[in-house]
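The values are calculated or read from the model by the stated rules, or taken from the named source; none is laboratory data. Everything quoted here is computed from the prediction, not taken from an experiment. Cβ atoms come from the backbone with ideal geometry, glycine included; neighbour counts cover every protein chain shown.
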């Protein structure tokens, strides 16, 4: 039965829980890196990526995931380094500092 810890030993149970958490965290990190990479690709292609849309994304997979499945690791290829400094949302152009914003124009009209 998947998802059931069959050991009656407390140390073995804690070990199983820690390994499961490690795998879940690794998958979330991988999904975050891949989402960021895809968002950056969209930005470089000229698409506008809104902050609200990015905030609605989740790196936590809820389907097509076998958390207790059998996985093989291929440690031969080195992954690309993670770029933590590249933005994942489109930059909004700064308005001219001397120009009134639309909210200031509305306040002045009232």
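Worth a mention:
- Scope segment 16-29; condition surrounded by 12 or more Cβ atoms within 10 Å (Cβ to Cβ), under 30 Å from residue 86 (Cα atoms) and either at pLDDT 85 or above or over 16 Å from the mean Cα position of the chain (by Cα) (or both); matching residues: 28, 29
- Total residues in segment 30-46 satisfying the condition of being assigned to a helix (DSSP H, G or I) and exposed (fewer than 12 other Cβ atoms within 10 Å of the Cβ): the figure is 3.
- Some residue of segment 48-61 being out of contact with any helix residue (DSSP H, G or I) (no Cβ under 9 Å at 6 or more places or on another chain), at pLDDT below 85, more than 14 Å from residue 30 (Cβ to Cβ) and in a loop (DSSP other than H, G, I, E, B): no
- Residue 71, sole failed condition from (1) under 30 Å from residue 6 (Cα atoms); (2) at pLDDT below 70; (3) surrounded by 10 or more Cβ atoms within 10 Å (Cβ to Cβ): (3)
- Yes/no for residue 13 being in a helix (DSSP H, G or I) and either at pLDDT 65 or above or under 14 Å from the mean Cα position of the chain (by Cα) (or both): yes
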